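Engineer: Quick one: structure below, then a few questions.
The values are calculated or read from the model by the stated rules, or taken from the named source; none is laboratory data. Everything quoted here is computed from the prediction, not taken from an experiment. Glycine gets a Cβ as well: all are built from the backbone with ideal geometry, and neighbour counts include every protein chain shown.
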Amino acid sequence: MTTLTSTWTEGDGACPASTLGRAYRPLEHDGFYDFIAKAQAEEPVFFSEAIRYWVVTRRADVLAVLADPDSFSAAITLAPVHPFPPEVVAALRDGGFSFQPTLVNSDASVHSRLRPKAQRFLNAKRYATYADRIRAIVRDHIAAIGEAPRVDLVAALTYEVPAKVLALLLGIEDISPRQIKVWADHRLGMTFGVLEGDELAEAARQLLDYWKYCERLVADRQDNPRDDYASMLLDLRGGDDGVLTITDVVGLVFGVMVAGHETTTNAAGNLIHALLTDRDQWERLKADPTLIPNAVEEGLRHSSSVVNWRRRTTRPVTVGGVDIPEGANVLISLAGANNDPEVFENPRSFDVGRENVKDHVAFGKGRHFCLGAPLARLEITIILEELLAAFPDMTLAPGFQPAWVPTVTFRGPLSLEVLPRGGAMTTGEPA
Ligand code: HEM
């Protein structure tokens, strides 16, 4: 597992990191939740020397940050955690990539112009129309597992299904879902991970391919409108740049092509891993499937797939009693908020019947609240229903220990080895 080292330099002045702040290793999975619990108890807002962010870990403070978009700008949310070298920025710019803010990283007037238009398509009513097709996709994947005695559920199911669902929303038929995944993996690695040198250059090339694909898609829908997201945005645009520019439309399509599947892949993997690790909870679902929706929420809470999100201060602020200067980077620990013992009793235990589970903030809160939340819930619910029906005796493969997605923000198992028809169980710390 990659370890971030200190990026602090003499020229930056006195480093505000405490001992706890210096010990923070944002990419490491082992001990991740223990560290958050320690921070919540001892120093709930601390400065991380490794990434040079102020880290906010308690739910009340996280909510205060999210509730104040004027003091905490979203403009930083898609900026690389480790700034790109100038030659990479130049290559992206020369290649035609737009750094213009889109939905998730825009503030005030830009966001309020874009969001209602995106929401005309990205909403629960529209998502419900995909339910049968999503179930068919999931069933196909489960059928392909066949009689295999052992299978990696990420490779066989959770990696591709969300990309196939996204392809439905975007009317994509000319590239494989795997291509969408590969592009997004590069995008997330370069933005939220620690890519350098050739790896970063390759990721930048992939990012340009990804952007250009979105440009071609939007150009195609201008000539051949269909029942999909880009066509609807173009229809709303009505040729008027004051409503939406073509770059706005490409940016919105590109944004969903990143936001709309990695998160769900990880959330589904985390949930299945947690349920099979605490096998009593799997049995409870078998005995009472009406608990499935609550179990999905408990998965999002207990093993959040977006563990951290980001903001940048626009003025000097005080968070949890700690003064933070203007122009500072803030890492909002959604995983911390979702595991705050002040709100969630015994937070590291996985309880499919947890009563206040919906108080989690896995999808954020406030102005930028996730527009895909109902779709993610639908997909994960269907995946769980179909797995329980097909493989009621499923167990983790003996000795299996997952490796985790190596980014500051997204967390999920890279593989999930199971015995679909049961066998010896392993125990271990849930995700
Ligand atoms: C389990 C799966 C998912 C998780 C955990 C998740 C989480 C998040 C989070 C934390 C935010 C930022 C909220 C904030 O800044 O306050 C966000 C925004 C967003 N998400 Fe999701 N998301 C998921 C799935 C999806 C899906 C499936 C889609 C699209 C179909 C989607 C589309 C978006 C969009 C468009 C935004 C930007 C909203 C805005 O800025 O107004 N997400 N999501």
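Engineer: Give THR381, THR395 a once-over and let me know the one that is hydroxyl-bearing (Ser, Thr, Tyr) and under 18 Å from the mean Cα position of the chain (by Cα).
Structural biologist: On inspection, the qualifying residue turns out to be THR381.
Engineer: Could you say whether any residue in the range 201-217 is of a type in the set (D, E, K, R) and within 16 Å of the ligand (Cβ to nearest atom)?
Structural biologist: Checked against the condition, which is being of a type in the set (D, E, K, R) and within 16 Å of the ligand (Cβ to nearest atom), the range 201-217 yields no hits at all.
Engineer: Okay, next question. Taking the range 300-321 on its own, how many of its residues are in contact (Cβ under 8 Å) with a residue 60 or more places away in the chain and either among the hydrophobic types (A, V, I, L, M, F, W, C) or more than 16 Å from the ligand (Cβ to nearest atom) (or both)?
Structural biologist: The total comes to 9.
Engineer: Something else about it: Looking at the range 364-383 only, could you name the residues that are within 6 Å of the ligand (Cβ to nearest atom) and not in a loop (DSSP other than H, G, I, E, B)?
Structural biologist: Residues satisfying the conditions are LEU375, ALA376.
Engineer: Related question: Of all residues in the range 334-347 being surrounded by 14 or more Cβ atoms within 10 Å (Cβ to Cβ) and in a loop (DSSP other than H, G, I, E, B), which is farthest from the ligand (Cβ to nearest atom)?
Structural biologist: PRO341
Engineer: Ok, one more. Testing ALA90 on (1) assigned to a helix (DSSP H, G or I); (2) crowded, with 18+ Cβ neighbours inside 10 Å; (3) not acidic (Asp, Glu), one condition comes back false. Which one is that?
Structural biologist: Against the list (1) assigned to a helix (DSSP H, G or I); (2) crowded, with 18+ Cβ neighbours inside 10 Å; (3) not acidic (Asp, Glu), ALA90 comes up short only on (2).
Engineer: In addition: Just for the range 173-187: of the residues that are buried (at least 20 other Cβ atoms within 10 Å of the Cβ) and hydrophobic (A, V, I, L, M, F, W, C), which one is farthest from the ligand (Cβ to nearest atom)?
Structural biologist: Ranking the qualifying residues of the range 173-187, first place goes to TRP183.
Engineer: Against the definition (in contact with a His (Cβ under 9 Å, 6 or more places away or on another chain), among the β-branched types (Val, Ile, Thr), surrounded by 16 or more Cβ atoms within 10 Å (Cβ to Cβ) and modelled with pLDDT of 85 or more), how does ILE36 come out, yes or no? Spell out how you get there, then give the answer.
Structural biologist: Values: in contact with a His (Cβ under 9 Å, 6 or more places away or on another chain): no; among the β-branched types (Val, Ile, Thr): yes; surrounded by 16 or more Cβ atoms within 10 Å (Cβ to Cβ): yes; modelled with pLDDT of 85 or more: yes.
Considered against the rule, which asks whether it is in contact with a His (Cβ under 9 Å, 6 or more places away or on another chain), among the β-branched types (Val, Ile, Thr), surrounded by 16 or more Cβ atoms within 10 Å (Cβ to Cβ) and modelled with pLDDT of 85 or more, ILE36 comes out as no.
Engineer: Sticking with this structure for a sec: Could you grab me the full set of residues in the range 269-299 that are among the small types (Gly, Ala, Ser) and either buried (at least 24 other Cβ atoms within 10 Å of the Cβ) or within 9 Å of the ligand (Cβ to nearest atom) (or both)?
Structural biologist: GLY269, ALA295, GLY299
Engineer: Among the residues of the range 408-422, write down those that are within 15 Å of ALA148 (Cβ to Cβ), touching a Leu at 6+ places or on another chain (Cβ under 9 Å) and either at pLDDT below 95 or not in a loop (DSSP other than H, G, I, E, B) (or both).
Structural biologist: GLU417, VAL418, LEU419 - these are the residues of the range 408-422 that are within 15 Å of ALA148 (Cβ to Cβ), touching a Leu at 6+ places or on another chain (Cβ under 9 Å) and either at pLDDT below 95 or not in a loop (DSSP other than H, G, I, E, B) (or both).
Engineer: Considering each of THR129, THR158 in turn, give the residue that is of a type in the set (Ser, Thr, Tyr), within 15 Å of THR264 (Cα to Cα) and at pLDDT 95 or above. Please lay out each step first, then the result.
Structural biologist: On the way: THR129 fails: within 15 Å of THR264 (Cα to Cα).
Within the list THR129, THR158, the selection yields THR158.
Engineer: If you don't mind, there's one more thing I want to ask. State which residue is farthest from LEU208 (Cα to Cα) when the search covers only the range 228-268 and only residues that are of a type in the set (Val, Ile, Thr) and away from the ligand (no atom under 11 Å from the Cβ).
Structural biologist: VAL243
Engineer: Which of (1) away from the ligand (no atom under 16 Å from the Cβ); (2) within 20 Å of the chain's Cα centre (by Cα) is the odd one out, the single condition PHE46 does not satisfy?
Structural biologist: (2)
Engineer: Do you know which residues across the range 119-133 are outside any loop (DSSP other than H, G, I, E, B) and among the aliphatic types (A, V, I, L, M)? Break it down into steps so the answer makes sense when it comes.
Structural biologist: As a first pass, look at the range 119-133 and keep what is outside any loop (DSSP other than H, G, I, E, B): 119, 124-128, 131-133.
ALA124, ALA128, ALA131, listed by residue number.
Engineer: Looking at LEU217, LEU244, LEU195, LEU169, can you tell me which residue is crowded, with 20+ Cβ neighbours inside 10 Å and in contact with a Phe, Trp or Tyr (Cβ under 6 Å, 6 or more places away or on another chain)?
Structural biologist: Step by step, each of LEU217, LEU244, LEU195, LEU169 is checked, and only LEU169 is crowded, with 20+ Cβ neighbours inside 10 Å and in contact with a Phe, Trp or Tyr (Cβ under 6 Å, 6 or more places away or on another chain).
Engineer: Okay, next question. From the list VAL361, VAL258, pick out the single residue that is more than 19 Å from LEU396 (Cβ to Cβ) and assigned to a helix (DSSP H, G or I).
Structural biologist: Answer to the selection: VAL258.
Engineer: Tally up the residues in the range 384-407 that are within 16 Å of the ligand (Cβ to nearest atom) and either modelled with pLDDT of 95 or more or part of a helix (DSSP H, G or I) (or both), please. Give the derivation first.
Structural biologist: Of the residues in the range 384-407, the ones within 16 Å of the ligand (Cβ to nearest atom) are 384, 404-405, 407.
With the extra rule that they be either modelled with pLDDT of 95 or more or part of a helix (DSSP H, G or I) (or both), the set shrinks to 384.
Counting residues in the range 384-407 that are within 16 Å of the ligand (Cβ to nearest atom) and either modelled with pLDDT of 95 or more or part of a helix (DSSP H, G or I) (or both) gives 1.
Engineer: What residue, of PHE99, PHE121, is over 30 Å from ASP198 (Cβ atoms), of a type in the set (Phe, Trp, Tyr) and touching a helix residue (DSSP H, G or I) at 6+ places or on another chain (Cβ under 8 Å)?
Structural biologist: Every option except PHE121 fails the conditions.
Engineer: So which residues in the range 100-116 are away from the ligand (no atom under 11 Å from the Cβ) and surrounded by 12 or more Cβ atoms within 10 Å (Cβ to Cβ), if there are any at all?
Structural biologist: Residues satisfying the conditions are GLN100, ALA108, ARG113.
Engineer: Can you tell me which residue within the range 322-333, out of those that are part of a loop (DSSP other than H, G, I, E, B) and in contact with a Pro (Cβ under 8 Å, 6 or more places away or on another chain), is farthest from ILE36 (Cα to Cα)?
Structural biologist: GLU326
Engineer: Just a yes or no: is a residue in the range 134-148 over 30 Å from PRO406 (Cβ atoms), touching a residue at least 60 places away in the same chain (Cβ under 8 Å) and assigned to a helix (DSSP H, G or I)?
Structural biologist: Yes; the residues of the range 134-148 include at least one that is over 30 Å from PRO406 (Cβ atoms), touching a residue at least 60 places away in the same chain (Cβ under 8 Å) and assigned to a helix (DSSP H, G or I).
Engineer: Determine the pairs where a residue that is without any contact (Cβ under 8 Å) to a residue 24 or more places away in the chain, located within the range 197-219, has a partner that is assigned to a helix (DSSP H, G or I) and not aromatic (Phe, Trp, Tyr) with Cβ atoms under 7 Å apart, the partner being 6 or more residues away or on another chain.
Structural biologist: ALA203/HIS186; ALA203/GLY189; ALA203/MET190
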